[in-house]
Every structure is written in C-alpha cells, then in structure tokens.
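Below are the structure tokens for one structure; questions will follow.
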Amino acid sequence: MNMMLPQRPALVDPFRRHITYLRVSVTDRCDFRCVYCMAEDMTFLPRKDLLTLEELDRLCSAFIERGVRKLRLTGGEPLVRRDLMKLIRSLSRHLSSGALDELTLTTNGSQLARYAVELADAGVRRINVSVDTLDPEKFKTITRRGNLDQVLEGIVAAQAAGLQVKINAVALKDVNEREIADMMQWAHGAGMDLTLIETMPLGEIEADRTDQFLPLSLVRQRLAEQWTLEPIPYKTGGPATYVNVAETGGRVGFITPLTHNFCETCNRVRVTCTGTLFMCLGQEDAVDLREPLRASEADDLLHAEIERAIAHKPKGHDFIIDRRGAAPAVSRHMSMTGG
Ligand code: SAM
Ligand code: SF4
C-alpha cells in the first residue's frame, strides 16, 4: 500500500516571519580563544552532552523538511569537530534533492587547507572565514593561539577549491580600527566581501566589553571619507546591510546588532551543540530539542517541540552594553550559540 506521509507545514512565527535559515553549532570547542568570544581558560561541555553526528543530521533534516533553505554550521570551530565531514557529506543529500539552497559554514580557517576540497566536493559553495587583523602578532593576541599564516593558507586553498570566501571581522576599538581600510583592500583584491561585526555582549570574558566596543557607524563614516560607499540592497540571508565600494568593486557588510535593529526581517533560529534551540540571539528563551531527539527514533516529538518553540519566537532582542558595567546581556558565549 502506498501510504503518503503527512506533509508538515512550514515554520512561520507569530510575527509572520518564515523560518528559512538555521544556524547550528556543531561543537563548543575551538582551537582559538578569541578575546571577545571566549575566556582564556574555558571549560568545555562533556562529550555526552553534545548531539551526535546522527542527531545533528536528524535535527537539520527536520528543519529542512519544515522549510529551512539555508543551513550554516558553526561553533566553536566547526572543523575541529571529529568527523564533521561525515555530517556535511550526509547533509549534502538535501542539496542534491533541491530541498536546501545552501549548506555553508563559518570557520576560523585554521583547518581549511585540509578540508577545502572535501567541502567543495560535498556541495559547499560559500564559506565565511573570520579574520580580524592581517598583523600576525595582533592576530596571535586576539585569538590567543591562532597562526595567521595557517588561516591565510586555508583561504587560498578554499579559493583554489572553488569556494567563494567572505571575510568576517569583528571591529575592535584600538585593536583593528585603524586597519579596516587595509583589510578591505586585501579582501576585495582577492575577490572576497568583507563583513564587519560589532561586538555583542555574549558570555563572560575577562575583558571589559565597553573597552572593545567600536560602533560601526563610526567605522563606516571613516571609510566614507576615503572611499565611495554606495548602499546596495544585496542580501545573503543574514542581517548585514551592504555597500558597494566604487573604487574596489567589492562589497562591505555591516552587522550592527547594537546600533541598528534588524529584528523585523529575522528569518533565522539557532541550535547549540547540545540541541538547545534559541529563537533569538539576544534573548534567553530556548527550547530543548535533545530530549525529544533522544526519546524516540521517530521525529514526531521533535517536530512538536520545534513548532512549540517557533510559536514563541520573540519580536526582537534587547542588547545593551551597559556603560557602567561589563556584565553580558546574555550569559552564554557566542561559541555556544554559534554566532
Ligand atoms: N569559530 C568560527 C569563527 O570564528 O568564525 C565560528 C564560530 S564564531 C562564534 C562566529 C563568529 O562570531 C565569528 O566571526 C566571530 O568573530 C564572531 N563573534 C564571536 N564572539 C563575538 C562577540 N562577542 N561579538 C560579536 N561577534 C562575535
Ligand atoms: Fe573560536 Fe570562533 Fe570564538 Fe574565535 S570566534 S574563539 S575562532 S569560536
């Protein structure tokens, strides 16, 4: 007998936003300890708490079944998760079937030279690589243990494998603020967009956030003094607003969660490496998906929890960097939620 499976409805939140973009953190571990992201001495989660690769696959596939068209794997550092390529190869079936438009990842680039060809073979077309400075010493200071050359080699390997690379850089007061134009020229010269990110108050770190915070409005103003920035409607499914730089022909994106509200068009949700679904990067509201994943081999419980969660997606976030204190607005680290 040919039993038709019930068609599950697309995920639409109470504000009529369709959830089409899922970001999944596949590990909280990382080979770097960037000063704005992690404490020097991080305690990572016990492995049993992490979703297995099979659970990650089921979870991503459930969201794809409900209308997610773009999937970004992140972390921690996704490429340090053992056997991550198995998951990527398996998820690529959704690209072949046409259910998914894009499978991508955000990486610090340290392992890229090793995996670039495999990623391209699995159908990954674009990746984001985080580079905050082109000064090797500063790079070491910001990442506490990273090697800039290794990352740059990774980028070259990624491009050689046919991957389109976008550079993400966190704008850091006094650290890279005078270098941003150089980074832009470097990125554009190599055919890469540059997206600048304001620091977000996520997780306890040693530094004072108010010392790190550099408003992108200021960065943009400074760039505009020397370059012709033409606002363009370009969108990559994320919250960045883009300008075209007339002199270089490249694009610069600005992600400004603190000075500009992008919540109205938010189409995304995030899942941590332990299976916690966060409906909003800036809010604590969360739903545990690990329990329904582990409670049954069928996905009915999982879908019910996903629906319950989406019905509670908040309208917007409440980030504030308090001038008087450095307490984070949200206590989890970016490496938990995955940026
Ligand atoms: N390890 C990978 C990487 O660095 O690209 C992926 C995970 S990382 C958490 C994702 C992005 O979040 C990176 O571009 C990183 O610079 C950014 N990030 C981390 N902590 C941040 C914070 N507190 N504020 C703003 N951006 C942050
Ligand atoms: Fe690791 Fe990325 Fe966080 Fe840096 S930003 S510590 S590379 S997870």
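So if each residue of separation counts as 0.36 nm, and I subtract the Cα-Cα distance between Asp300 and Glu230, what length gain in nm does that give?
20.4 nm
Additional query: Quick one: Cys34, Cys273, Cys60, fewest Cβ neighbours within 10 Å first, how do they rank?
Cys34, Cys60, Cys273
Further question: Go through 183-192, 7-16, 146-155 and give me the packing order, highest mean Cβ count within 10 Å leading.
146-155, 183-192, 7-16
Please report the spacing between the Cα centers of segment 113-184 and segment 292-312 in Å, no decimals.
36 Å
Continuing with the same structure: Output the relative contact order of segment 21-337, whole-number percent, from Cα pairs under 8 angstrom with separation of 6+ residues.
Relative CO of segment 21-337 lands at 20 percent.
Which value, in debye to the nearest 20, gives the size of the charge dipole of segment 21-337 about its Cα centre, when Lys and Arg are +1 and Asp and Glu are -1 at the Cβ?
420 debye
Give me the tail of P(r) for segment 95-213 as a percent: Cα-Cα pairs with distance above 20 Å.
46 percent
For segment 21-337, what proportion of DSSP beta bridges, expressed in % and rounded to the nearest 5, is antiparallel? Write down the numbers at each step before the final one.
Details: 14 of 45 bridges.
About 30 percent, rounded to the nearest 5.
Another question, then. Between Glu118 and Lys48, what is the label-point separation in nm under the 7 Å Cα-to-beta-carbon projection?
Result for the modelled spin labels: 2.8 nm.
Please arrange Tyr115, Tyr242 by counting, for each residue, the other beta carbons lying within 10 Å of its beta carbon, fewest first.
Numbers: Tyr115 23, Tyr242 18.
With the fewest neighbours first, Tyr115, Tyr242 line up as Tyr242, Tyr115.
Step through the table entries Lys86/Lys166; Lys86/Lys173; Lys86/Lys138, compare each Cα-Cα distance with 32 Å, and write down the pairs that go over it.
In this structure, Lys86/Lys173; Lys86/Lys138 lie more than 32 Å apart at Cα.
Compute the signed sum of charges (Lys and Arg +1, Asp and Glu -1) over the other residues within less than 11 Å, Cβ to Cβ, of Val245.
Net local charge, Val245 excluded: -2.
Answer with one residue from Gln221, Ile232, Leu91: the one whose Cα lies farthest towards the positive end of the charge dipole of segment 21-337, charges on Cβ with Lys, Arg +1 and Asp, Glu -1.
After comparing all options, I get Leu91.
No value in this document is a laboratory result; all are computed from the given coordinates. Computed from a predicted structure; not experimentally measured. Cβ coordinates were reconstructed from backbone atoms using ideal geometry, including for glycine residues, and neighbour counts include every protein chain displayed.
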